[in-house]
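Engineer: The structure that follows is given in the form of structure tokens.
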Amino acid sequence: MPRLIKAAAAQMGPIARSESRRQVVDRLIALMREAHGKDVRLMVYPEMALTTFFPRWYMTDQAEIDGFFETEMPGPETRRLFETAAALGIGFYLGYCEKTIERGGVHRHNTSILVDPAGKILGKYRKVHLPGHAEHEPQRPWQHLEKRYFEIGDLGFPVWRLMGGIMGMCICNDRRWPETYRVMGLQGVEIVMLGYNTPAENGVAPEGARLRMFHNHLTMQAGAYQNGTYVIGTAKGGVEEGVPMLAGSCIVNPSGEIVALAETEGDELVIADLDLDLCQFNKKTVFNFAAHRRIEHYGPITAQTAAVPPPE
């Protein structure tokens, strides 16, 4: 029996700082209802899908910062999304800012969850590769303070079995690092779900929107091909609080080809039929890790081969 899943990247347009959780959840539910009408079974929402991308601002009031975080999931405003998913029989990935009390202290992470079609949380991932900086840099047109507001993820890159497939999660900057895909690839991943909020301009370097979009897609396509997996990449696009954000949400198949691509920068479903059995070609031939991967011959990591800082 073929293993088929109709999936959607549920792209969002800008979220204003003034938008309430209720307003944002209404948008998420509208996309879910539209997806159900098109027989979608799995949806991927963006990174930080419940709020504007607040690390663009330098803030010192912890109460103000914590207003962007969720302390429970589902919570009072998000429960409707879970209930709608259960009623419609749709599984989904959701990115959000998570505040927890664990290990005797308060912790804040850039998080995503995988929810099954019964509305139950099956898995959680916390972003590992935090980009940007930790202190205010006044020369920037906008800040990128993820290192200030979040801790490095502590859950690794696990996979989960759902809908007859093997699924994994990552978030935004994780997509640029081959280790992200390879760790999941070594566990047999067949769908990598990835939400992102990425400025269309670097802000501090001569790297324009065209090149940034190229790199956005390149990393996902390479990860898909080299690990024999689908990748569903979902953006929050458009001009958000004055900052242009990349859209370009896409679904990449295991050959590395983009099979569905966003046409707008707003709320939009990017839909494709995923045949999970197609993952097996790369997994059993070119990228058969057991047959061809020779990590024992890569050589030891030494002072000479380890990463070194650039010249002054």
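Quick note: the coordinates plus some simple rules give every number you see, no bench work behind them. Treat the numbers as computed from the prediction; the structure is a model and nothing was measured. All Cβ positions, even for glycine, are placed from backbone atoms using ideal geometry, and neighbour counts span all protein chains on display.
Engineer: Tell me, what ³J(HN,Hα) does each residue in segment 198-212 have, in order and in whole Hz, if you take phi through Karplus 6.51 cos²θ - 1.76 cosθ + 1.60 with θ = phi - 60° and put x for Gly and Pro?
Structural biologist: Result, rounded to whole Hz: 10, x, 6, 10, 5, x, 10, 9, x, 10, x, 4, 4, 5, 5.
Engineer: Ok, one more. With N set to the number of residues, divide the alpha-carbon radius of gyration of segment 1-157 by 2.2 N^0.38 Å and report two decimals. Provide the component values of the computation, followed by the final result.
Structural biologist: Values: Rg = 16.5 Å, N = 157, 2.2 N^0.38 = 15.0 Å.
Compared with the compact-globule rule of thumb, segment 1-157 sits at 1.10.
Engineer: If you don't mind, another one. Taking every pair of alpha-carbon atoms in the chain, what share in percent sits in each 10 Å bin, from 0 to the bin with the longest distance?
Structural biologist: Over the chain, the share of Cα pairs per 10 Å bin runs 6, 27, 35, 23, 8, 1 percent.
Engineer: Rounded to the nearest 5, what % of DSSP beta bridges with both residues in the chain are antiparallel?
Structural biologist: Details: 38 of 57 bridges.
In the chain, approximately 65 percent of DSSP beta bridges are antiparallel ones.
Engineer: Right, something else. Kirkwood-based Rg over Rh for segment 42-86 (C-alpha set), two decimals?
Structural biologist: Working: Rg = 13.0 Å, Rh = 12.4 Å.
My calculation of the ratio gives 1.04.
Engineer: Can you tell me which of 83-94, 14-25 comes out highest on packing, and rank the rest after it, using the mean Cβ neighbours within 10 Å?
Structural biologist: Working: 83-94: 20.1, 14-25: 14.7.
Taking the mean over residues of other Cβ atoms within 10 Å, the ranking is 83-94, 14-25.
Engineer: For a test of the definition: using alpha carbon positions, the gyration tensor, and the 1.5 limit on a/c, classify segment 190-312 as rounded, prolate or oblate. Could you put the intermediate results ahead of the total?
Structural biologist: On the way: a/c = 3.39, a/b = 1.18, b/c = 2.87.
Cα axes put segment 190-312 in the oblate bin.
Engineer: Going by how many other beta carbons lie within 10 Å of each one, how would you line up Lys147, Lys127, Lys283, fewest first?
Structural biologist: Numbers: Lys147 15, Lys127 26, Lys283 20.
Starting with the residue having the fewest Cβ neighbours, the order is Lys147, Lys283, Lys127.
Engineer: Which Cα, out of Gln11, Pro300, Val243, lies furthest along the positive dipole direction of the chain (beta carbon charges, K/R +1, D/E -1)?
Structural biologist: Pro300
Engineer: Mean residue ellipticity at 222 nm from the helices of the chain, using -39,500 (n - 2.57) per DSSP H segment of n ≥ 4 over the full residue count, to the nearest 500 deg cm²/dmol?
Structural biologist: Roughly -6500 deg cm²/dmol at 222 nm, from the helical runs in the chain.
Engineer: What ranking, highest mean first, results for peptides 52-64, 161-173 when packing means the other Cβ atoms within 10 Å averaged over each residue? Please list the in-between numbers first.
Structural biologist: Details: 52-64: 15.8, 161-173: 22.1.
Ranking, from highest mean packing down: 161-173, 52-64.
Engineer: Non-local amide H neighbours of Glu70 (under 5 Å, H modeled in plane, Pro and chain starts lacking H): which ones?
Structural biologist: Cys97, Glu98, Lys99
Engineer: Would you please give the residues with an amide H less than 5 Å from that of Asp267, counting only those at least 5 places away or on a separate chain, with H modeled from the backbone geometry?
Structural biologist: Those lying under 5 Å, H to H, from Asp267 are Gly13.
Engineer: Hey, another quick one. Considering only DSSP states other than H, G, I, E and B, which GluC sites (Glu not before Pro) in segment 92-158 qualify as loop sites with at most 10 other Cβ atoms within 10 Å?
Structural biologist: Values: sites: Glu98, Glu102, Glu135, Glu146, Glu151; in loops: Glu135, Glu151.
Sites meeting the loop and neighbour criteria: Glu135.
Engineer: OK, next. Got the relative contact order for segment 4-288 handy, in percent, Cα pairs under 8 Å and 6 or more residues apart? Could you put the intermediate results ahead of the total?
Structural biologist: On the way: 672 pairs, mean separation 61.4, N = 285.
Relative contact order, segment 4-288: 22 percent.
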